[in-house]
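No value in this document is a laboratory result; all are computed from the given coordinates. Treat the numbers as computed from the prediction; the structure is a model and nothing was measured. Note that we place each Cβ from the backbone using ideal geometry, even for glycine, and neighbour counts take in every protein chain shown.
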Amino acid sequence: MQLLFILLLFFTLYIQHVSSLIHKLHLKNEDRSLFKIESFGFNGGGSINITISDFALNEYEHVNTSITANPTKVGFLMRKARTETTAQQDIENFIENNECMLDSKFHHRDDLLIDLTLSPPASSDSLNLVKKNSFPRSVVKSHRIKPKASGFYNLVFVRCHPIENHYATVSFSITADFHNIGPNYLSAGDMPLPAIYMVFFVLFGIATFAWCYILHQASKNGTASVYSIHYIMATLVAIKALSLLFESIRFHYIALVGVTELWSVIYYIFTTVKGVMLFIVILLIGSGWSLMKGYLNDREKMVILVVLVMQVINNVAMVIIDETAPGSKTWLLWRDALHIVDILCCCAILFPVLWSIRHLRQAAEVDGKAAEAKMKLEIFRRFCKYI
């Protein structure tokens with residue numbers, strides 16, 4: 001409980017500074033030459049408002065290198081793509097083929113280019129030539145999507161070297177305000193989400209009521225055995241319903257104003273508790289607690305503790321991924337961490353199930369317990385099949 005309280009407090013403090021679809025990103029001494037910043041789906045009439053400030057380009061070239069008069073091509077490109085997968089593949093292809101996305105031959109007619117290419121300053125005789133270019137002012141670009149140009153767009157940063165043995169870094173702050181007609185700050189594909197989540201909240205609410213009613217009738221009439229795990233499962237379904245409710249409200253306010261803080265805090269609290277409880281319920285059922293035995297051995301307790309810690313890490317990674325622009329390097333780090341922790345959690349929940357199956361097989365060989373053990377073994381096999 002103390003660990004869960006600390007986690008919830010962390011979310012409350014962290015999300016106060018995030019939870020927005022008005023994208024903001026600040027990078028300092030960034031050495032990547034091509035990366036995605038954000039993506040958004042536009043309907044006809046949607047608007048793009050991009051503000052770039054504190055832009056600085058630092059170029060390093062060895063003194064023995066012949067300095068070319070061609071400036072480094074640098075800029076931002078709002079590029080249309082069919083899907084997010086194809087957009088990422090295009091970026092990887094450009095990097096592998098060492099091609100410059102800013103070249104006009106690679107532009108689509110619906111693309112929006114913000115060219116920040118500067119003329120190179122005078123050369124220096126130092127061992128490592130440093131050329132620093134910067135904008136003393138903000139660069140603002142606004143654009144409206146035509147009806148025929150609607151679709152999925154990616155905002156990418158591009159920097160193309162004029163020579164091979166050339167190294168450069170950039171620093172900038174960017175604010176990207178994307179919205180569709182309304183204004184609606186949700187991407188075109190995300191607009192139905194508030195209604196969809198509300199429908200699922202109603203369905204899970206009905207399921208919660210039905211499950212509680214069944215447990216109450218079974219406990220009252222004595223028609224079936226009701227265990228502690230059944231009440232925990234009812235609590236899990238109720239928390240799932242509440243997380244869907246708050247996610248619907250969260251997306252609703254994001255659609256209206258592009259920013260939400262309070263509802264995001266509440267949503268992440270409930271979705272964190274839901275994620276932790278889900279794995280714990282599976283582990284408790286898999287270990288046979290409450291259904292077969294009223295205790296957990298030391299090994300099973302250790303597995304539950306490990307899964308609980310991994311779920312904490314998993315939910316922290318989920319929050320950071322949801323609230324961090326993809327252009328940040330930490331976004332890739334936490335995305336990979338999320339995938340690894342998911343795999344580890346899925347593997348960890350199998351151990352109590354396998355231990356229980358082995359225990360039931362051994363019990364089936366003991367006289368007087370064979371029929372009961374075989375029945376329980378069959379139930380566990382069905383359980384593993386649905387997992």
Give or take rounding to whole Å, what are the principal axis extents of the alpha carbon atoms in segment 197-346, in descending order?
57, 38, 19
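Provide the three semi-axes, in whole Å and in decreasing order, of the ellipsoid equivalent to segment 136-256 as defined by the square roots of 5 times the Cα gyration tensor eigenvalues.
52, 20, 12
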For every other residue with a beta carbon closer than 10 angstrom to the beta carbon of SER173, add +1 if it is Lys or Arg and -1 if Asp or Glu, then tell me the sum.
+1
What number does segment 207-284 give for Rg over Rh if you use C-alpha atoms and the Kirkwood radius?
1.14
In whole angstrom, and with the biggest value first, how far do the Cα coordinates of segment 304-356 range along each principal axis?
46, 14, 12
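Based on the alpha-carbon set only, what is the convex hull volume of segment 280-336 divided per residue, in Å³? Could the numbers behind the result be given before it?
Details: hull volume 4.4 nm³, N = 57.
Given the Cα convex hull of segment 280-336, per-residue volume reads 78 Å³.
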